[in-house]
Amino acid sequence: MNLQSPLNKVLGLGSAKTGSGHWWAQRLTAVALIPLTIWFTIALLGLPVGSHADMVAWMAVPLNSILLILLVISLVYHSNLGVQVVIEDYVHGGMKVAALIAVQFGHIVLAVAGLYALIVASIGGSS
Amino acid sequence: MGRKFMARGDRPLSPHLGIYRWEIANSLSIVHRMTGVMLSLGALVFIGWLVSIVAGAEAYEFVQGGLDSLLGRLMLLGWTFCFFYHLANGVRHLFWDIGAGFEKRQAKMSGWAVMIFSVAMTLGFWTLALQGV
């Protein structure tokens, strides 16, 4: 005999579980990406892409470093959440788990690589 | 595993995606996903480009050279459209999240606005970029 109340059953065994956290994080990163990507798009137009030394100097400017770090974090997080949903919707069976793991690891590598580059650039360690 | 017990081919499926006509609303919805996936690949290139800057002049010139090639430029053009589209349609989604703009007419209008915005911004951005502002 089950003495669990219907409410308790729903609270404990809802199908969504961590879904609202995922949903909310996707919105938060989306909102953060609006000003960050607009800033980067405008900055891109004036970037000295022809000169490596000037690019290093640009990346080392504190404000640019900080904004790029924020951009990398929100971009990679948002991408991770989005691609995860796409895989959950279209990939099935064993492939689904493999794809989810690959995407998760890939995004962690991406975030670490981006942050590493920006930290190195801001402390002036690049050649 | 669970597949054997769960997925029975003869069960009715919902929401019968195949019967819907392609209109502005559902077309833009799937394009939002596709541009999102493309932008994830773009993020890979973006971060590779950042890493190349600190990896030294040679690595940077290799990556920048690739982006400056015809194929690189075409891909950047595609990513520019994907970005402006995903940005504008993402804002559209955020308005829906707070419960605004749900009327059929409004949703249709905002859909066309997103389309016009992303094409116009892509052209505008590349006009400025090629002029070397």
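Laboratory data are not the source of any read-out in this text; all were calculated from the coordinates shown. Being a predicted model, the structure only gives us computed values, none of them experimental. Neighbour counts run over all protein chains shown; Cβ positions are idealised from the backbone, glycine included.
Please go through the range A:32-83 and pick out each residue that is touching a Gly at 6+ places or on another chain (Cβ under 7 Å) and over 19 Å from B:GLY42 (Cα atoms).
Within the range A:32-83, just A:ALA60 meets the criteria.
Tally the residues that are of a type in the set (A, V, I, L, M, F, W, C), without any contact (Cβ under 8 Å) to a residue 24 or more places away in the chain, touching a helix residue (DSSP H, G or I) at 6+ places or on another chain (Cβ under 9 Å) and surrounded by 13 or more Cβ atoms within 10 Å (Cβ to Cβ), restricting the search to the range B:106-132.
Number satisfying all stated conditions: 2.
Can you tell me how many residues in the range B:45-61 are in contact with a helix residue (DSSP H, G or I) (Cβ under 7 Å, 6 or more places away or on another chain) and either within 18 Å of A:LEU67 (Cα to Cα) or more than 7 Å from chain A (Cβ to nearest Cβ) (or both)? Spell out the reasoning first.
First, pick out the residues of the range B:45-61 that are in contact with a helix residue (DSSP H, G or I) (Cβ under 7 Å, 6 or more places away or on another chain): B:47-54, B:57, B:59-61.
From what is left, the residues that are either within 18 Å of A:LEU67 (Cα to Cα) or more than 7 Å from chain A (Cβ to nearest Cβ) (or both) are B:47-54, B:59.
Selection size over the range B:45-61: 9.
Tell me, yes or no, whether the range A:79-95 has at least one residue that is of a type in the set (Ser, Thr, Tyr), buried (at least 16 other Cβ atoms within 10 Å of the Cβ) and within 9 Å of chain B (Cβ to nearest Cβ).
Taking the range A:79-95 as the starting set, the residues that turn out to be of a type in the set (Ser, Thr, Tyr) are A:79, A:90.
Okay, now just the ones that are also buried (at least 16 other Cβ atoms within 10 Å of the Cβ), so A:79.
If we keep only those that are within 9 Å of chain B (Cβ to nearest Cβ) as well, we get A:79.
Checked against the condition, which is being of a type in the set (Ser, Thr, Tyr), buried (at least 16 other Cβ atoms within 10 Å of the Cβ) and within 9 Å of chain B (Cβ to nearest Cβ), the range A:79-95 yields at least one hit.
Only one of (1) farther than 22 Å from A:ASP89 by Cβ; (2) among the aliphatic types (A, V, I, L, M); (3) in contact with a helix residue (DSSP H, G or I) (Cβ under 8 Å, 6 or more places away or on another chain) is not met by B:VAL37, so which one is it?
Exception for B:VAL37: condition (1).
State all residues of the range A:98-118 that are more than 9 Å from chain B (Cβ to nearest Cβ) and closer than 17 Å to B:VAL54 by Cα; if no residue qualifies, say none.
Answer for the range A:98-118, where residues must be more than 9 Å from chain B (Cβ to nearest Cβ) and closer than 17 Å to B:VAL54 by Cα: A:VAL109, A:VAL112, A:LEU115.
Let me spell it out: the conditions are (1) more than 15 Å from B:ILE53 (Cβ to Cβ); (2) under 18 Å from the mean Cα position of the chain (by Cα); (3) of a type outside the set (Lys, Arg), and A:SER5 meets all of them except one. Which number is the exception?
Among (1) more than 15 Å from B:ILE53 (Cβ to Cβ); (2) under 18 Å from the mean Cα position of the chain (by Cα); (3) of a type outside the set (Lys, Arg), A:SER5 violates only (2).
When you look at A:LEU71, is it in contact with a Ser or Thr (Cβ under 9 Å, 6 or more places away or on another chain), at the interface with another protein chain (Cβ under 7 Å from one of its Cβ atoms) and of a type in the set (A, V, I, L, M), yes or no?
no
List pairs: first in the range B:27-40 and within 11 Å of chain A (Cβ to nearest Cβ) and hydroxyl-bearing (Ser, Thr, Tyr), second assigned to a helix (DSSP H, G or I) and crowded, with 18+ Cβ neighbours inside 10 Å, Cβ under 6 Å, 6+ apart or cross-chain?
The qualifying pairs are B:THR35/B:CYS82; B:THR35/B:TYR85; B:THR35/B:HIS86; B:SER40/A:SER79; B:SER40/A:VAL83.
How many of the residues making up the range A:35-59 are facing chain B (nearest Cβ under 10 Å) and assigned to a helix (DSSP H, G or I)?
Summing the residues that are facing chain B (nearest Cβ under 10 Å) and assigned to a helix (DSSP H, G or I) in the range A:35-59 gives 13.
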